Amino acid sequence: MNKDLPPSQPSEEVDLGQLFKLIGNVFDRFFRFIGRIFTGIFGVILLFLFFIQKHFLKFIIVVVAGVIIGAIIDIKKEPEYISTMVIEPNFNSVQQLYNNIAFYNELAKANDFLSLSEALDITDEEALSIREFSVESYSDENQKIILFDQFVRSLDSTTQKAIDMKAYLENFNSLDARFHTISVIASDNTVAKKIQPAIISSISNNSYFNLQKDISDSNIKLQDSLYKKQITEIDSLQLLYKRVMLREAERAVQGTNISLGEQGTQNNKELSLINKMEELKLGLVELNEERGNKSSILNVISDFPRKGVREKGLLKSYKFLVPAILLILTVLTLLLVSLNTYLKNYKREL
């Protein structure tokens, strides 16, 4: 009977052996491929180091010459100063603010100092000293979260469930930020302070924003009067409840029966009045904060300084820019020369 069984075990061993051999070949080819990559990278690094070694003296000469040229330019160029102002726009005036700053910047870039001096109410010389205007939002993650909370509170409950906080923060519009920073770069370190009134008045004198402010003031006054009226009414009701309780206490002394259910209901009503009073007081506090925040179309959080500060940094210094540009141009030129020489030699070998 045993002789009739098929000899399957040797066949299985042969199949497994071939499988392991195939796997071994795959890993061998993979490691050889990785090795060729590292060998190629190492060869490129060596070629680059040989290139640096061959032309090292040229690079030193170019860098030293660039530093000298850059230092001369830095000494001769007119100094530039930067001044910044932080503001809080109200009544959807932020878009108009960005448009105005972009307009001033275009005039400065085009050297149209006549139009710039007229728009900012300064002299032609002061307008000519202005180099650049810029404005950007000033907000951190905490302020963005506060804005998200205010945005969600303004929606109905169904829409609130569909709003994703992560998506809101990722698609945050800089115009929605509460604070914005205006920067002015000029060769005159006092001109920024002089143009501040013109920048603010260009927004504050807008008839649409003034209308929005008047409506806001009226709504705040109306809400304030409603809060105070409700507080007065609650005070009257609390006094009434106290009188009722005193009368019931007198009846209790005289032996009159008092319903405990009615007393519990009365206590609940008094507690509700106390809670409502607290809500109204908090509403008045928030209303006063809103009145203070919206007292102007543009709230100036931080004025332009009396004098601007000198711009500093590597990217603003020609002692860094000139040698860096000359070094890059030198490297590219030498690489092109080496490539041309290699192609000529290769052509000869063909």
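The values are calculated or read from the model by the stated rules, or taken from the named source; none is laboratory data. Owing to the predicted nature of the structure, the values given are computational and were not obtained by experimental measurement. Cβ: placed from backbone, ideal geometry, glycine included. Neighbour counts: every protein chain shown. The protein model used for the area step is the full one, side chains on, heavy atoms only, and it has no ligands, DNA or RNA in it. Shrake-Rupley method; radii C 1.70, N 1.55, O 1.52, S 1.80 Å.
Restriction of the trypsin sites (Lys or Arg not before Pro) in region 44-133 to DSSP coil positions whose beta-carbon has at most 10 other beta-carbons within 10 angstrom yields K77. When the residues F179, F320 are ordered by accessible surface, computed with a 1.4 Å probe over the protein chains alone, the sequence from largest down reads F320, F179. In the context of the full protein assembly, S202 retains an accessible surface of approximately 40 Å², using a probe radius of 1.4 Å and ignoring ligands and nucleic acids. Extension gain for Q230-S115 works out to 35.9 nm (0.36 nm per residue, less the C-alpha to C-alpha distance).
Rolling a 1.4 Å probe over the heavy atoms of the protein chains gives region 274-326 an accessible area of 68 Å² per residue. Looking at region 10-95, the accessible area is 76 square angstrom per residue; that uses a 1.4 Å probe and ignores ligands, DNA and RNA.
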